[in-house]
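The values are calculated or read from the model by the stated rules, or taken from the named source; none is laboratory data. What you see is a predicted model, and the numbers here were worked out from it, not measured in a lab. Heads up, the Cβs are rebuilt from the backbone with ideal geometry, glycines too, and the neighbour counts pull from every protein chain shown.
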Amino acid sequence: MIMKIALLPNLTREKSFDITNNICSELDLLSAQYCLLKNHKNPFKLPRAKYMEIDEMLTWCDVVIAVGGDGSFINAAKKAVKYNKPILCVNAGRLAFMAGLEGDELKLLKKLTDGEYKMDKRLMLDAKLLRDGKVIAEDFCINDVVLARGAKLKMTDINVDCDNKRINTYRGDGVIVATPTGSTAYSLCSGGPVVNPSTESIILTPICTQSLFARSIIFSHENQLSIYPDEKSTNSELYLSFDGEEAINVRKGDKIVIEKSNRTAGFIRIKSDEFFDVLNTKLADRRV
């Protein structure tokens with residue numbers, strides 16, 4: 001059976017264009033079918049490629065290949081999840097913890113078309129912003145949900161409940177609720193723990209909190225978390241972001257409810273290296 005592949009490159013990345021062309025050359029040699037977005041027809045002009053709108057692509061394909069960095073991978077993976085399609089991430093950025101291949105490892109695409117790969121199922125989060133008891137925004141997240149102060153250089157007070165029981169009120173810049181996949185992103189930069197993505201858990205990390213004892217907490221995947229501004233907080237500029245996307249203003253009285261999603265993201269792993277091998281390799285040149 002001939003594999004059908006949807007290519008989603010982030011062409012704002014300097015290396016993405018060349019890497020995508022190289023991927024297509026490899027797929028030609030492997031007799032795989034592939035498609036790109038219609039608006040990519042002019043920059044690529046590939047004679048064997050199909051060009052489709054995004055919904056048509058994701059219905060047609062067997063596998064998605066994203067080219068870029070972790071931000072590009074999240075965006076592409078969220079599209080792939082809606083159609084229950086697995087994704088292979090090819091690094092054209094810097095760290096790219098989610099990358100299954102580097103740009104100089106494209107010969108390994110033969111393992112993809114031969115079916116010689118593993119599938120890593122990643123826990124996702126469902127998040128809803130409630131106002132006056134009504135859902136005014138919701139999304140599913142691969143990395144994290146962040147509630148943080150805006151442009152004002154003023155600390156805020158955020159309450160956190162677990163299964164409707166108060167955990168803490170954090171005074172600082174905000175809080176991050178992350179998946180194990182997102183534990184190596186903003187949560188890590190804020191002092192949170194690195195959690196193996198195969199572990200089903202939810203990670204809460206306060207951001208620049210005014211406390212000697214406020215540390216990250218790892219919750220069960222069965223817990224439901226609620227985060228919301230404390231009524232006594234004097235900072236009214238709070239913003240909510242799902243996976244780093246466009247921020248939404250959060251008012252006093254609003255509540256964000258977060259729990260494990262019924263969806264999972266399927267990341268293709270071709271190489272034999274395990275999570276901590278990747279972690280050590282990616283962070284080796286950043287150790288102090």
note = Within the stretch 20-35, residues being crowded, with 22+ Cβ neighbours inside 10 Å and either of a type in the set (A, V, I, L, M) or out of contact with any strand residue (DSSP E or B) (no Cβ under 8 Å at 6 or more places or on another chain) (or both) number 2
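Take the stretch 59-84 and flag every residue that is at negative phi and either surrounded by fewer than 20 Cβ atoms within 10 Å (Cβ to Cβ) or not assigned by TED's automatic domain parsing to the domain that holds Thr113 (or both). Write out each step before concluding.
Step one: of the stretch 59-84, the residues at negative phi are 59-67, 69-83.
Answer for the stretch 59-84, where residues must be at negative phi and either surrounded by fewer than 20 Cβ atoms within 10 Å (Cβ to Cβ) or not assigned by TED's automatic domain parsing to the domain that holds Thr113 (or both): Thr59, Trp60, Asp62, Gly71, Asn75, Lys79, Lys82, Tyr83.
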remark   = Note on the stretch 37-48: residues outside any helix (DSSP H, G or I), touching an Asp or Glu at 6+ places or on another chain (Cβ under 9 Å) and basic (Lys, Arg) are Arg48
key: Those residues of the stretch 150-182 which are modelled with pLDDT under 95, of a type in the set (Asp, Glu) and part of a loop (DSSP other than H, G, I, E, B), in sequence order   = Asp173
request  = Restrict the check to the stretch 182-189 and report whether at least one residue is on the phi > 0 side of the Ramachandran plot and either touching a residue at least 60 places away in the same chain (Cβ under 8 Å) or of a type in the set (Ser, Thr, Tyr) (or both).
outcome  = no
query = Among the residues of the stretch 244-262, which ones are crowded, with 17+ Cβ neighbours inside 10 Å, outside any strand (DSSP E or B) and of a type in the set (Gly, Ala, Ser)?
reply = Gly244
request  = Out of the residues in the stretch 1-19 that are surrounded by fewer than 17 Cβ atoms within 10 Å (Cβ to Cβ) and more than 23 Å from the chain's Cα centre (by Cα), state the one that is nearest to Pro43 (Cα to Cα).
outcome  = Asp18
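Would it be correct to say that Met52 is surrounded by 16 or more Cβ atoms within 10 Å (Cβ to Cβ) and not acidic (Asp, Glu)?
Details: surrounded by 16 or more Cβ atoms within 10 Å (Cβ to Cβ): yes; not acidic (Asp, Glu): yes.
For Met52, the condition - surrounded by 16 or more Cβ atoms within 10 Å (Cβ to Cβ) and not acidic (Asp, Glu) - is met.
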